[in-house]
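Please read the structure below before turning to the comments.
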């Protein structure tokens, strides 16, 4: 070994912090890459202690007649050897052999004794680590919080996520119930109070609240609209939950029972998407008609389920992610056929311009006009109650989603069936 190589040999501490280990490991890797082409280190960077006998032996010239072995440097632009794995493939292979997080500091030291392997982990918070390829999301942090406090119970957003609710915002914080008070920490939510044993269960070894208790906690912690979204999603994931919610709505008990009952009555498990639910709640808060899900119409030889509609006003609302009728060429055909049959088609598009105002007691002024920025290709045919409902529904949705497109029934084209039930010809 050359003196330069001996003086710059890698020295990784066995019990160093992750930051120190990472810096030392990267420096050593860089020295290995550039060591052959870099000049010898200056005197200030070499060891000044006297050379030992082992070092004298390492520095001595080979004996006369002994074969000298050298390592050839690869030429610039040379092709890699056959069978050599790309760097990213080798890196993924190395990560696959490491245990995933969350891991405590003691578990990480026992599972990965090699200090270089521990450099592939990142800190979640004090004493808890994850593998560098794992996303630092709500699920991982909820599992880490449950492992930090084994006597606690995951609740709220954390419990809803484990039950299958995927409507939590990206910045949601993990929540846990604790039997006694603890010092609050940033990025974590601690809750206290009563927690009966009947409201606690386990999922994959983690203590969480039951679906019914999770819905009640969300009704009291998050906004009305977000609580309805979560309840609808949980009803789709837990088959027995709708029956339990009906029983809880008929017999409200405890603090927050009124809000909980309002959330249950506003939830509609037949909703096709979160955007459709938000539009329905916005219309209900404004007092616009009786929009709901599950309405069907006969179109030619097919029966089509509308994403969100008011059959009495002959008004249908399409939202992003609301089913097969929300996109594609066939969706445009459905819209045209609905217009010719006397329906007003409202197509919700673009991002929301404001936050939700859909609360149990919110109402919007009845004399709202349709925004002039939205394209309105046709004038409304109806001038009675149904026409006023469609006009107002369009105004309410455009106030939140300015890019909403409104298509009123086609003028001078009579409806074959004003009730929306027809058997037309071919396309």
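The values are calculated or read from the model by the stated rules, or taken from the named source; none is laboratory data. Please read all numbers here as calculations on a predicted model, not as lab measurements. Every residue, glycine among them, receives a Cβ derived from its backbone with ideal geometry; neighbour counts consider all protein chains shown.
Criterion first (out of contact with any strand residue (DSSP E or B) (no Cβ under 6 Å at 6 or more places or on another chain) and either at pLDDT below 65 or not in a loop (DSSP other than H, G, I, E, B) (or both)) does residue 355 satisfy it? It is true that residue 355 is out of contact with any strand residue (DSSP E or B) (no Cβ under 6 Å at 6 or more places or on another chain) and either at pLDDT below 65 or not in a loop (DSSP other than H, G, I, E, B) (or both).
Going by the structure shown, is residue 297 modelled with pLDDT of 85 or more, crowded, with 19+ Cβ neighbours inside 10 Å and under 28 Å from residue 160 (Cβ atoms)? Considered against the rule, which asks whether it is modelled with pLDDT of 85 or more, crowded, with 19+ Cβ neighbours inside 10 Å and under 28 Å from residue 160 (Cβ atoms), residue 297 comes out as no.
A quick yes/no check of all residues on (1) part of a strand (DSSP E or B); (2) over 26 Å from residue 126 (Cα atoms); (3) touching a helix residue (DSSP H, G or I) at 6+ places or on another chain (Cβ under 8 Å):
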| position | (1), (2), (3) |
| --- | --- |
| 147 | no, no, no |
| 159 | no, no, yes |
| 168 | no, no, yes |
| 173 | no, no, yes |
| 201 | yes, yes, no |
| 207 | yes, no, yes |
| 212 | no, yes, yes |
| 215 | no, yes, yes |
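Among the strands (runs of 3 or more DSSP E) confined to segment 243-330, the ones with at least 1 residues that are touching a residue at least 60 places away in the same chain (Cβ under 8 Å) and over 26 Å from the mean Cα position of the chain (by Cα) are located at 296-299, 315-318. Scanning segment 115-138 for residues that are closer than 20 Å to residue 154 by Cα and either exposed (fewer than 15 other Cβ atoms within 10 Å of the Cβ) or over 24 Å from the mean Cα position of the chain (by Cα) (or both) gives 126, 127, 135, 136, 137. When 160, 146 are checked against the criterion of being more than 12 Å from the chain's Cα centre (by Cα), closer than 19 Å to residue 103 by Cα and modelled with pLDDT of 95 or more, a single residue qualifies: 146. Just to be sure before I move on: is residue 350 surrounded by fewer than 22 Cβ atoms within 10 Å (Cβ to Cβ), touching a helix residue (DSSP H, G or I) at 6+ places or on another chain (Cβ under 8 Å), modelled with pLDDT of 75 or more and not in a helix (DSSP H, G or I) in the structure I sent? For residue 350, the condition - surrounded by fewer than 22 Cβ atoms within 10 Å (Cβ to Cβ), touching a helix residue (DSSP H, G or I) at 6+ places or on another chain (Cβ under 8 Å), modelled with pLDDT of 75 or more and not in a helix (DSSP H, G or I) - is not met. So which residues in segment 177-199 are surrounded by 16 or more Cβ atoms within 10 Å (Cβ to Cβ) and under 16 Å from residue 125 (Cα atoms), if there are any at all? Listed by number, the residues that qualify are 188, 189, 190.
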